[in-house]
Amino acid sequence: MICVFAAITGCEIKDKPSGQPAVASVPVQNAARTDTVILKEARNEEDYPQEYLADKLKPIRTNFKRINSISTWAFIDTIELQESAEGGEAVYYYQDGKLQKIITRHFGETSQRLAEYYLLDDRISFVLEKSYAYSRPVYHDSTAMKENNDTATSDMDKSEIIEARNYFQNGKLLHQIHSQDCGAPWADEYLREEQSRIVPEFERLLKLAKRK
């Protein structure tokens, strides 16, 4: 089982900003799974407008829009991830001889997670995280419901989607926007903790690409 990202712990859901649907009704590549929807990647999308730190966030947001507006990539490489029995993958996107973004998907019995890492001048710049917590385990069909004396099956329409947008400047987490109320996401201590969670995973993904 894969846990959702740590930033959601003890948080209260806020209204999600409008924009593209967070999920897409398409089959999952792993035929052994029974998910009917997967989290949708950012495509031709602008970041949410915001006044806080507007000048510092502008190049990050511009770069985000530039990268996810690319329709034809020079090279795309996929690496299978083995962090759970349900599997996952990391996809690396290259343009103009440089790595531009990494997209990872993790699947678990009770959740799935999408993380998009955007690079600017070869450094981490923006990370978009989406976590999809199922109302029941993915295999929880009508038979499992009866066996467990439950009253419901797995229902994607009742699943909870959580999103975090992380803005980096010179390798440091500058700002985070979260779909939940996490207290003080602008506090230095909170940002340091989130940076220590996100950056090592990004660096691990870079190392995986270099080993191929």
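The values are calculated or read from the model by the stated rules, or taken from the named source; none is laboratory data. The structure presented is a predicted model; accordingly, all values stated were derived computationally and were not measured. Neighbour counts are summed over all protein chains in view; Cβ atoms, including those assigned to glycine, are modelled from backbone coordinates with ideal geometry.
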ask   = Which pairs have Cβ atoms under 7 Å, sit 6 or more apart or on different chains, and link a residue in segment 50-71 that is over 19 Å from Val91 (Cβ atoms) to one that is aromatic (Phe, Trp, Tyr) and modelled with pLDDT of 95 or more?
value = Leu57/Tyr167; Ile60/Phe126; Ile60/Tyr167
key: Flag for Ile124 being within 19 Å of Asn166 (Cβ to Cβ), crowded, with 20+ Cβ neighbours inside 10 Å, of a type in the set (A, V, I, L, M, F, W, C) and over 12 Å from the mean Cα position of the chain (by Cα)   = yes
key: Tabulated pairs, segment 104-123, first farther than 17 Å from Leu205 by Cβ, second crowded, with 21+ Cβ neighbours inside 10 Å and of a type in the set (Phe, Trp, Tyr), C-beta under 8 angstrom, 6+ apart or interchain   = Ser111/Tyr132; Gln112/Tyr132
ask   = Among the residues of segment 166-193, which ones are modelled with pLDDT under 95 and under 16 Å from the mean Cα position of the chain (by Cα)?
value = Gln176, Ile177, His178, Ser179, Gln180
inquiry  = Exactly one of these conditions fails for Gln82: (1) modelled with pLDDT under 85; (2) in contact with a His (Cβ under 8 Å, 6 or more places away or on another chain); (3) under 20 Å from Pro200 (Cβ atoms). Give me its number.
reply    = (2)
request  = Restricting attention to strands (runs of 3 or more DSSP E) lying wholly within segment 64-117, give those where 3 or more residues are over 18 Å from the mean Cα position of the chain (by Cα).
outcome  = 75-81
message = Tell me whether segment 20-43 contains one or more residues that are surrounded by 12 or more Cβ atoms within 10 Å (Cβ to Cβ), more than 23 Å from Glu193 (Cα to Cα), modelled with pLDDT of 75 or more and out of contact with any strand residue (DSSP E or B) (no Cβ under 9 Å at 6 or more places or on another chain).
response = no
ask   = Of the residues that make up segment 156-164, is at least one modelled with pLDDT under 95, out of contact with any helix residue (DSSP H, G or I) (no Cβ under 7 Å at 6 or more places or on another chain) and within 17 Å of Ile60 (Cβ to Cβ)?
value = yes
inquiry  = Condition check: under 23 Å from Ile60 (Cβ atoms), surrounded by fewer than 21 Cβ atoms within 10 Å (Cβ to Cβ), at pLDDT 95 or above and not charged (D, E, K, R). Does Val91 satisfy that?
reply    = yes
